[in-house]
Amino acid sequence: MANANQTHEMLPVPAPFTGRKEIDLDAVREMVSHFHYEDFEEAQELILSALQEVNEIFGWVSPEASEIIARHFGTTSERVFALLTFYADFRTQPRGHHHMLICHGMACYVHGSQQLVQQMQDTFGVRDGDTTADGNMSVQVVNGCLGVCDRAPVVKIDDTYHGFVDAGTLTELVNRAVASRSEVTENGENDGSHGTK
Amino acid sequence: MVHTAPSEHLPRLTSREDFEAFRAQARKRWTDLWEGNKTVVSVGVGSSSIAKGALDVLAACRQHESESTVVREVSGNGAFWMEPWVEVKRPGEPPVVYGNVAAADVSAVLTGARQDLAVGVRAPESFNGIPSLHEDPFFGHQQQIITRNAGVIEPDSIEDAIARGAYDGYFKVLFEMTAEEAIEEVTTANVRGRGGGGFPAGIKWASGRKAKARPKFIVCNSHEGEPNVYKDRHLHEADPHRILEGILIACIVCGAERGYNYIGGEYPLAIRRFRKAVADAERLGLIGKNVLGTGHNVAFRVRTGGGAYICGEASALMYSVMGVKGQPRTKPPRSVEEGLWKRPTVANNTETLANIPDIIVNGGEWYANIGTENSKGTKLMTVQGPLKRHGVVEVPMGITLNHLFNDIFGGMREGHEFKGVQTGGVSAGPLTKDHLDIPVDFDSLSDVGGMLGSGGWVIFDQNVCVVDFARYLTAFNRYESCAKCVPCRLGNPALVEILDRIRFGRGTLDDLTLIKRTSKHIIELSLCGLGQVAPVPLMGMIQWYEEEFRRHIVDGVCPTGTCPISSGDAVLAAGD
């Protein structure tokens, strides 16, 4: 069982991920230029939407990207950073090559999602928001709900949902997702990032 | 920016006659579709069915598209247990719904070789030995008003929606009745806020209309942060035009210049479909300057949330729209006086607004006949847990939980025993099996510590430990606290700490008193609704399951064996 009071770190701290896709700042500039506003009020209303779009496309929002957004909407990057840390959907760190959401809604909870969170910690050494040391898989625990409650507990890896997951199938799912990436690397079709062992 | 393009073929309507002609045309198109000699194949595509492969099924169906076969992408119908489903209407026959269809089954389903997958006929009569869906308790016990288009119309088609009555209420408000009459109807209907608060919409609208400052805004609260409630998502995906119409009616009636819809960022499909609805309505001229030649100007903006539960609170939501952190503020001034951008703002829940078009068209009297004395109309409800069926249903107010769980949702699954049901999302206490015969409306459950709230029910079975569950619920509130005011920010972590002590076998009987005292402080001193109800689930758990708490504390045993107390961790904890 996970325990919030556990202060000791039993697991290796994830190493910096070197194979990440950097945020293409030109693409961000291009995207932001499509946000037109007539007055101050409308500009403020659009900041969150712009951040969401960057987060959606690149999986996270970098300080450089927030600077571009802040400038476009006439505000400061500190203010933008405050939004990034307040709203749970944003990431300020890059994702792994695969991104897993563990649903921790109530229906998943009553079907044992807590064990999945624990399993990720015990087997792969990742907690909510972490990325595995090799950069293959980042994990996010969804405090709300993925809305597929009839298959609880549910995890979502990249774009695919997996239902009725238990500790055993979770490990298998992660390994399979990671293995599929290794194949891509061997075929030389990846994006130039480092391979896996 | 995510620009959703409107359908190119839509004309621009500039007068009453234009709209009437367009509506007649849409209705004819609809009748031709269903009475023509083509096979109509509809695939239910919603967030929940996409997770089960509905897009593959849709793609497989598209392969069979031809001169004689039309394939439509409709939304889910709330019956998650039969997803993905395909509805086939052959010429001269009623539409037959096939459930749990895999992409590989599609060819056989279309040729009629897989009648074993048929769930029912979407018509009052049975057909060829296939029963009517109305005979199925899941559909038979529902009263579908605001979800009657779910799984029937194509949500991306404004013509489908108009053929099925969308914008009739808007039309009536624009041309046939005064704003005062409209408010009168809403007041007679006594429709109360569906987000959980239960505040009468008519009163809110009347004060919104009276507000003098300009401009005024209408905000639709579609931010469902509550775990396991997705009624608003269902409505957006199934019938976005109904919500849009509700907001537009509110704009006209309250004299607001602009409508907003704030949708939770977790719902990409709902956002996409709603944006499409807005784009189409704008192109038709239902939104914009001088709507249908009446002189009314209505603007519209869609804003999306970023995954903060607190943004469901109205003042926090408005801050979020304004692009800052969503933290509630003290009231007064109420948002009707000073809301978005310090202008008068009327904020309503999605489901409330979705009820408005029918109230305007059919009158408040009609609506007031549905439901109970104090809670009128129907309510969308989502039920989760180890039940035979899952989904979203629309039932009249006053239904009992027994009826809801056992008749509509088929009762508990094999091997699971009902222990309790968590009510009101994370904002109210649980109920035990002794309470299942209370008719459910806005007020009836408060005596036993439960709440209708936004209509989400999570059933838990004998394998769930109430201490652990209480910790989960409290930890949810701890995580979602906006950290503005101290009682909530520090009180909830304190409660989690005490519960952890009990779970690890280090609790004392004094802890139960401490929980009650801390909870009282949080409830009385917190600023907003989140803090004021945060300890309520925990209090409810102790109220009904105190014995189980005591077993943890006195005997050092977790009866379900789920707490760390029952595993090796307990030793660690004890030696600590």
Mean projected area in nm² (Cα convex hull; one quarter of hull surface) for segment B:343-416:
6.9
Once you keep just the Cα pairs under 8 angstrom separated by 6 or more residues, what percentage relative contact order results for segment B:203-351?
33
Can you list, by residue number, the Cys in chain B that have no neighbouring cysteine C-beta under 4.7 Å?
B:Cys61, B:Cys220, B:Cys251, B:Cys254, B:Cys311, B:Cys465, B:Cys482, B:Cys485, B:Cys488, B:Cys528
Inter-label distance, nm, simple model (7 Å from Cα along the C-beta direction), A:Asp26/B:Lys212:
5.7
According to the Cα gyration tensor, what semi-axes, each the square root of 5 times an eigenvalue, does the equivalent ellipsoid of segment B:196-308 have, listed from largest to smallest in whole Å?
24, 19, 11
If amide H atoms are built 1.01 Å from N in the plane of the peptide, which residues on other chains or at least 5 residues away come under 5 Å of the amide H of B:Thr39?
B:Thr69, B:Val70
Using only the Cα atoms of segment B:456-576, each taken as one equal point scatterer with no solvent, compute I(q) by the Debye sum, divide by I(0), and report log10 of the ratio at q = 0.18, 0.21 Å⁻¹.
-0.90, -1.14
Bins of 20 Å from zero: percent of alpha-carbon pairs in chain B:
20, 51, 26, 3, 0
If unit charges are put on Cβ atoms (+1 for Lys and Arg, -1 for Asp and Glu) and the dipole of chain B is taken about its Cα centre, the option from B:Val383, B:Thr508, B:Ser126 lying farthest towards the positive end turns out to be B:Thr508
Quick calc: nm separation of the 7 Å Cα→Cβ label points for A:Ala133 and A:Glu64 -> 2.9
Three principal axis lengths of segment B:466-520 [C-alpha, angstrom, descending]:
32, 20, 14
Could you let me know the centre-to-centre spacing of segment B:360-374 and segment B:298-336, using Cα atoms, in angstrom?
30
Quick one: Karplus J couplings for segment B:45-52, per residue in order, coefficients 6.51, -1.76, 1.60, θ = phi - 60°, nearest Hz, x for Gly and Pro?
10, x, 3, 6, 7, 4, 4, 9
Value at 222 nm in deg cm²/dmol, rounded to 500, when DSSP H runs of n ≥ 4 in chain B each add -39,500 (n - 2.57)
-11000 deg cm²/dmol
Here the averaged projected area of segment B:41-96, based on the convex hull of its alpha-carbon atoms and given in nm², is 3.7
Ignoring any ligand, DNA or RNA, what whole percent of the accessible area of the protein assembly as shown comes from carbon and sulfur when the probe is 1.4 angstrom?
50
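Given R₀ = 25 Å, what would the calculated FRET efficiency be for A:Thr123 paired with A:Ile57, taking r from the Cβ atoms and rounding to 0.05? Could the numbers behind the result be given before it?
Details: r = 30 Å, r/R0 = 1.22.
The value I calculate is 0.25.
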Could you tell me the largest-minus-smallest coordinate of the C-alpha atoms of the protein assembly as shown on each of the three principal axes, in descending order and whole angstroms?
82, 62, 59
In the neighbourhood of B:Ser132 defined by beta carbon distances under 11 Å, the net charge of the other residues (Lys, Arg +1; Asp, Glu -1) is -2
I need the phi-derived Karplus couplings for segment B:115-128: 6.51 cos²θ - 1.76 cosθ + 1.60, θ = phi - 60°, integer Hz, Gly and Pro marked x.
5, 5, 7, 5, 9, x, 9, 7, 6, x, 9, 6, 8, 6
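Can you divide the C-alpha Rg of segment B:1-142 by 2.2 N^0.38 Å and report the result to two decimal places?
Working: Rg = 17.0 Å, N = 142, 2.2 N^0.38 = 14.5 Å.
Cα Rg divided by the expected 2.2 N^0.38 Å: 1.18.
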Would you mind checking which residues have amide H under 5 Å from A:Ala133's amide H? H placed 1.01 Å from N; only 5 or more apart, or other chain.
A:Ala15
Considering the Cα trace of segment B:224-376, what is its radius of gyration and what is Dmax, both in angstroms?
15.9, 44
So if we plug the beta-carbon distance of A:His36 and A:Glu78 into 1/(1 + (r/R0)^6) with R0 = 25 Å, what FRET efficiency do we get, rounded to 0.05?
0.55
Around B:Val119, which amide H atoms from residues at least 5 apart in sequence, or from another chain, sit under 5 Å from its own amide H, with H modelled in the peptide plane?
B:Val97, B:Tyr98, B:Gly99
Solvent accessible area, Å² - A:Phe58, 1.4 Å probe, full protein context
50
Taking a quarter of the surface of the convex hull around the Cα atoms of segment B:137-246, what do you get in nm²?
9.0
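Counting only heavy atoms of the protein chains, get the accessible area per residue of the protein assembly as shown (1.4 Å probe) and round it to a whole Å² value. Kindly include the intermediate steps, with their values, before the conclusion.
Values: 29640 Å² over 773 residues.
With the other protein chains kept in place, the protein assembly as shown gives 38 Å² per residue.
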Using alpha-carbon positions, what is the distance between the centroids of segment B:507-570 and segment B:60-93, in Å?
49
Could you give each residue of segment A:93-98 its phi-based ³J(HN,Hα) in whole Hz, using Karplus coefficients 6.51, -1.76, 1.60 with θ = phi - 60°, and x for Gly or Pro?
10, x, 7, x, 5, 10
Total accessible area lost when A and B pair, probe 1.4 Å, Å² to nearest 100
4400
Go ahead and collect, in residue order, the members of segment B:322-339 whose backbone nitrogen is under 18 Å from a label point 7 Å along the Cα-Cβ direction of B:Val486.
B:330
Using Cα-only point scatterers and the Debye equation, what is log10 of I(q)/I(0) for segment B:73-198 at each q in 0.11 Å⁻¹, rounded to two decimals?
-0.54
19 Å cut-off, amide nitrogen to a point 7 angstrom out along B:Arg550 Cα→Cβ, residues in segment B:508-542
B:508-517, B:539-542
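The values are calculated or read from the model by the stated rules, or taken from the named source; none is laboratory data. Since this is a predicted model, take the numbers as computed values, not measurements. Heads up, the Cβs are rebuilt from the backbone with ideal geometry, glycines too, and the neighbour counts pull from every protein chain shown. Areas reflect the complete protein model, heavy atoms only, side chains present, ligands, DNA and RNA absent. Shrake-Rupley method; radii C 1.70, N 1.55, O 1.52, S 1.80 Å.
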